[in-house]
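Following: one structure in structure tokens, then a few remarks.
The values are calculated or read from the model by the stated rules, or taken from the named source; none is laboratory data. Computed from a predicted model, the values in this text were never measured in an experiment. Cβ placement follows ideal geometry from the backbone for every residue including glycine, while neighbour counts extend to all protein chains displayed. For accessibility, only protein heavy atoms count, side chains too; no ligands or nucleic acids. Shrake-Rupley method; radii C 1.70, N 1.55, O 1.52, S 1.80 Å.
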Amino acid sequence: MSKIKQAIKQRILVLDGAMGTMLQRYKFSEEDFRGERFKDFPHSLKGNNDLLSLTQPEAVKEVHRLYFQAGADIVETNTFSGTTIGMADYHLEEYVYELNYQSAKIAREVADESTDKPRFVAGSIGPTNRTASMSPDVNDPGFRAVTFDDLRIAYKQQVEALIDGGCDLLLVETIF
């Protein structure tokens, strides 16, 4: 039996809080979001919190540590918008697998630092910025900005990277 199944049978497990809110406290600039790796990237990256797993991994680790110190048993990966659909706004689709993998790996490293009790990692899967259930064009109610297959492919890629990176479970949140 997996460690998380054993822990759930013994006690209620506490999930962390909002990653994005915690990261906003750092007041990262455009240059911080870019880091050295994306220094010359031709598009704005400010506001792409998921990218911070690649450019500011120590800040992401610190947030995970703070949640564990506060009593969380499970931390979520920094991947709420980590699909090709979400990253298209930043022109970063080609980095989606790496972004999710690294985010899961970071959370796993911090979870494994714990010696007092088992800690777990939930792969955060959030909504995309496009909906398959409504038209973005009031003049064309049948139009969809994304197809079911687009979503399936995007989420499959994200899930594979999260699992490969070491997640114990997947947390599907705020998807409509």
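Below is a table of values for the structure above.
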| quantity | calculated |
| --- | --- |
| Peptides 66-73, 34-41 ordered by average Cβ neighbours within 10 Å, highest first | 66-73, 34-41 |
| Geometric extent, Cα atoms of the range 7-94 - Rg, Dmax (angstrom) | 14.9, 51 |
| By accessible area with a 1.4 Å probe, ligands and nucleic acids excluded, highest first: order of 134, 22, 87 | 134, 22, 87 |
| Computed E for residue 88/residue 135 - FRET, C-beta separation, R0 22 angstrom, nearest 0.05 | 0.70 |
| Relative contact order computed over the range 1-66 (Cα-Cα under 8 Å; 6+ residues apart), in percent | 29 percent |
| Listed residues 83, 4, 33: farthest to the positive end of the dipole of the range 1-95 (Cβ charges) | 4 |
| Calculated diffusion of the range 54-176, Stokes-Einstein form, Kirkwood radius summed over Cα pairs, 25 °C and 0.890 mPa s, µm²/s | 161 µm²/s |
| Share of carbon and sulfur in the accessible heavy-atom surface of the chain [1.4 Å probe, %] | 53 percent |
| Dimensionless Rg ratio for the range 69-123, taking C-alpha atoms and the 2.2 N^0.38 Å reference | 1.32 |
| Within-12-Å neighbourhood charge of residue 80 [Cβ basis; K, R +1; D, E -1] | -3 |
| Residue-normalised accessible area of the chain, given per residue in Å² at a 1.4 Å probe | 54 Å² |
| Cα→Cβ-extended label distance, 7 Å offset, between residue 13 and residue 36, nm | 3.6 nm |
| Charge dipole of the range 53-169 about the Cα centre (unit charges at C-beta), most positive-ward option of 141, 103, 69 | 69 |
| The chain, dipole about Cα centre (Lys/Arg Cβ +1, Asp/Glu Cβ -1), debye to the nearest 20 | 660 debye |
| Pairwise Lys count, the range 1-131 - Cα closer than 30 Å, eight or more residues apart or different chains | 20 |
| Where only alpha carbons of the range 137-176 are counted, the Rg and the Dmax (Å) | 14.3, 45 |
| Contact order normalised by residue count of the chain, Cα under 8 Å, 6+ apart, percent | 22 percent |
| Estimated inter-spin distance, residue 69 and residue 5, nm [label 7 Å along Cα→Cβ] | 3.5 nm |
| Net dipole in debye of the range 90-135 [+1 Lys, Arg Cβ; -1 Asp, Glu Cβ; about Cα centre; nearest 20] | 220 debye |
